[in-house]
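Beneath this line is the structure, given in structure tokens, with notes to follow.
What follows draws every value from the coordinates through simple rules; no lab data is involved. The structure displayed is predicted, hence computed values, not measured ones. Please note: Cβ atoms are built from the backbone with ideal geometry, for glycine as well, and neighbour counts cover all protein chains shown.
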Amino acid sequence: MNHERLRVYQELIRAAEGIAKRVATWPRGYGYLADQLRRAMASSVLTLAEGNAKRSSAGERRRFFEMSLGSMAEVAACLDLAFAFGIMKRTERDSYKSQLRLASVMIGALP
């Protein structure tokens, strides 16, 4: 599949793997936030892949990329909440958000 060759796709998959491992260690009572974070991360990856497959219209393709960016913003907000709730360290949050920023720049550069 074409999306698998995109560097941004690979970057988002790496972030998703790290986030999935990390939220599995969260204490009880934060399952709702872990679920939301996993769903938003999945949405960013899946929407990017779907948008990359849209070849009929550049506008439609761009719309999917923008939706992926929106999901990435949701991931970032979940990470901020995890830090605010004391279940994620600042350095860890900042590292994931750095990956998201890099991915957003890459999405912005896609044709």
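Calculate the spin-label point distance for Ser98 paired with Glu17, positioning each point 7 Å from the Cα along the beta-carbon direction, and give it in nanometres.
1.8
Magnitude of the Cβ-charge dipole of region 2-108, K/R +1 and D/E -1, about the Cα centre, nearest 20 debye?
Computed charge dipole of region 2-108: roughly 140 debye.
Let me have the relative contact order for region 2-108, percent, based on Cα pairs under 8 Å that are six or more residues apart.
32
What angle do you read, to the nearest 10 degrees and between 0 and 90, between the alpha-carbon axis of helix 31-53 and the longest principal axis of the chain?
Between helix and principal axis, roughly 10 degrees.
For the chain, which longest stretch is free of loop sites, where a loop site is one of the trypsin sites (Lys or Arg not before Pro) that DSSP puts outside H, G, I, E and B and that has at most 12 other Cβ atoms within 10 Å?
56-88
For helix 58-84, report the angle its Cα long axis makes with the longest principal axis of the Cα atoms of the chain; keep it between 0 and 90° and round to the nearest 10°.
For 58-84 against the chain, the angle is about 10 degrees.
Under 21 Å Cα to Cα from Lys97, which lysines show up? Leave out anything in the same chain fewer than 8 places away.
Within the straight-line limit of under 21 Å, Lys97 reaches these lysines: Lys21, Lys89.
Using helices alone, I'd like the mean residue ellipticity at 222 nm for the chain: each DSSP H run of four-plus residues gives -39500 (n - 2.57), total over residue count, nearest 500.
Helices in the chain give a 222 nm mean residue ellipticity of -27000 deg cm²/dmol.
Note the angle between two axes, namely the Cα long axis of helix 90-108 and the longest principal axis of the Cα atoms of the chain, as a number of degrees from 0 to 90, rounded to the nearest 10.
10
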